[in-house]
Each structure stands twice: as structure tokens, then as C-alpha cells.
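Here is the structure we will look at, set down as C-alpha cells.
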Amino acid sequence: MLARTGPGLETPELSLIESGSLSQATARSADGLWLEVKPAGDDQTGWLHAPLVRIYGNPESLPVKGDNSP
């Protein structure tokens, strides 16, 4: 899956995150459709489309970040 520099398809692609790899979610978009994640062993964060990832825990407990307003 391609991580992006921000929440939304209009933002540039950043890197490829392999299927099945673990990442820590650090924030969510205002509409909850995007998660900012930090892949294990990587210092860089990127944004993934939330409906396409398996989430463990409650993403609503994450801080809201980005300019993706509903």
C-alpha cells in the first residue's frame, strides 16, 4: 500500500508499506478516513486510507491531524 505525505489522494505518494507489516498509528484525519502511521523500524510517518488497513484498538482515541476537514 502506498503511504502519502498527507490525508487524501491529492497528496504526493511517499513510500510503499508492505502488506502484513505492522505500523503504529499516530494520528487520524478529521473525517477518520486516513491514519498517520509510523512503520516499525522507520522514523518517517505517512498516511494510509483507513478502510484498507486492519486496525487494532480504537482509532477515535488518536489525535486529529492534517487539513482534511469534513
In the chain, chymotrypsin sites (Phe, Trp or Tyr not before Pro) in a DSSP loop with at most 10 other beta-carbon atoms within 10 Å: TYR56
1.4 Å probe accessible area per residue over the chain, in Å²: 67 Å²
Debye equation applied to the C-alpha atoms of the chain, log10 I(q)/I(0) at 0.18 Å⁻¹: -0.59
Exposed-site-free run, longest, the chain (rule: GluC sites (Glu not before Pro); DSSP loop; at most 10 other C-beta within 10 Å): 19-70
Whole-percent carbon and sulfur share, accessible surface of the stretch 12-52, 1.4 Å: 50 percent
Neighbourhood charge, 12 Å Cβ-Cβ cut-off, centred on SER23 and excluding it, Lys, Arg +1 and Asp, Glu -1: -1
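The values are calculated or read from the model by the stated rules, or taken from the named source; none is laboratory data. These numbers come from a predicted model, not from an experiment. Counting neighbours? That spans all protein chains shown, and the Cβs are built from the backbone with ideal geometry, glycine included. In case anyone asks, the SASA skips ligands and DNA or RNA and just uses the protein heavy atoms, side chains included. Shrake-Rupley method; radii C 1.70, N 1.55, O 1.52, S 1.80 Å.
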